[in-house]
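What follows is a set of notes on a single structure, which appears directly below.
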Amino acid sequence: MLAPGKGKTQRAYIWSYGSTQFDAPGIVVYDFAPGRSGEHAQAFLEGWRGQLVCDDYAGYKALFAKGIAEVGCLAHARRKFYDLWAHHQSALAQEALNLFGRLYDMERQAQALSIQERQRLRQTQSRPIADKLLEWLQLHRQRATDGTAMAKAMDYSLGRWAALTRFLEDGAPPVDNNRIENRIRPIALGRANWLFAGSLRAGKRAVAVMSLIQSARLNGHDPYRYLTDVLERLPTQPASQITELLPHLWRPIAQLH
């Protein structure tokens, strides 16, 4: 982000929030902020209560003291073992990956189920696998040398076990936040071309447009067609009906007659 008057740039951040793959409508909202302090997440989520699927970033911790339920990201826990296997062909890491893989096998089966059916499957099929993974972690952590990459990978899962397995109690949350990370990818790919935002205000405007574009895609719309239609209708759209132009509520003119 340009720092007006200083003749240089400063680091800024885009925070991403989104609905899960089990929720309708599909929504992603980006927030542009001058830092990565947890105060930005607290300000954005002020007044909201629900389940937040996230990694172990310390900036989220204050949210959980305010009534928001933490759901750990299983992919972040798995990734630490995957790195050990990919870089060192660790047989022990492979054992952990096999157990994580069985949990994900259950989730693939649960994808098309209702919340109640998904909860039932998680309770009857996934929980025994999670219990076995916990037993495996506790057993091998006793044998792992403190400070090693393997010990750190195990400590991450053991230290967040309650959050990582919260999905077993409910059919609503996903097991990871891969969906929102995929919504970040277009921004990361375009960053080399955009270079910077002109100011904090310009950055907030930019992410508002990005939120509309990505949410349009999530709802199956062609973003160009959506934006073209919205820009044409905005001048005459009554303020009381402005929400009809949001991506998850929008319908082309041809469908309105």
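The values are calculated or read from the model by the stated rules, or taken from the named source; none is laboratory data. What you see is a predicted model; the values in this text were computed from it and never measured. No Cβ is skipped: glycine too gets one built from the backbone with ideal geometry, and neighbour counts run over all protein chains shown.
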Subset of segment 17-32 (residues that are part of a strand (DSSP E or B) and over 19 Å from Ala192 (Cα atoms)) = Tyr17, Gly18, Val28, Val29, Asp31
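Kindly indicate the residue of segment 20-40 that is of a type in the set (Ser, Thr, Tyr) and touching a residue at least 60 places away in the same chain (Cβ under 8 Å) and also farthest from Asp176 (Cα to Cα) among those meeting that condition.
Tyr30
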Given (1) closer than 27 Å to Leu212 by Cα; (2) modelled with pLDDT under 95; (3) not in a helix (DSSP H, G or I), Leu63 misses just (3)
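Quick check on Gly190: is it under 22 Å from Gly35 (Cβ atoms), outside any helix (DSSP H, G or I) and not hydroxyl-bearing (Ser, Thr, Tyr)?
no
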In this structure, is Leu195 of a type outside the set (Val, Ile, Thr) and within 30 Å of Leu121 (Cα to Cα)?
-> no
If we only count helices (runs of 4 or more DSSP H) wholly inside segment 66-184, which ones have 1 or more residues that are touching a Ser or Thr at 6+ places or on another chain (Cβ under 8 Å) and either at pLDDT 95 or above or surrounded by 14 or more Cβ atoms within 10 Å (Cβ to Cβ) (or both)?
-> 74-88, 91-110, 127-143, 149-159, 161-164
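Hey, among Arg201, Arg191, which residue is farther than 30 Å from Asp83 by Cβ, in the same structural domain as Tyr17 (by TED's automatic domain parsing) and of a type in the set (D, E, K, R)?
Working: Arg191 fails: farther than 30 Å from Asp83 by Cβ.
After applying the criteria, what remains is Arg201.
If I ask for residues that are outside any helix (DSSP H, G or I) and either closer than 25 Å to Pro4 by Cα or β-branched (Val, Ile, Thr) (or both), which ones from segment 193-219 would you list?
Result: Leu195, Phe196, Ala197, Gly198, Ser199.
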Close pairs (8 angstrom Cβ cut-off, 6 or more residues apart or separate chains): not assigned by TED's automatic domain parsing to the domain that holds Arg233 in segment 244-255, modelled with pLDDT of 95 or more and β-branched (Val, Ile, Thr) anywhere = none
Which residues, taken from segment 220-240, are exposed (fewer than 10 other Cβ atoms within 10 Å of the Cβ) and part of a helix (DSSP H, G or I)?
-> Pro235, Thr236, Ala239, Ser240
Subset of segment 1-19 that is surrounded by fewer than 17 Cβ atoms within 10 Å (Cβ to Cβ) and touching a residue at least 40 places away in the same chain (Cβ under 8 Å) - its residue that is nearest to Ala112 (Cα to Cα) = Thr9
Yes/no for Ser211 being in contact (Cβ under 8 Å) with a residue 12 or more places away in the chain, in contact with a Leu (Cβ under 9 Å, 6 or more places away or on another chain) and within 29 Å of Gly50 (Cα to Cα) = no
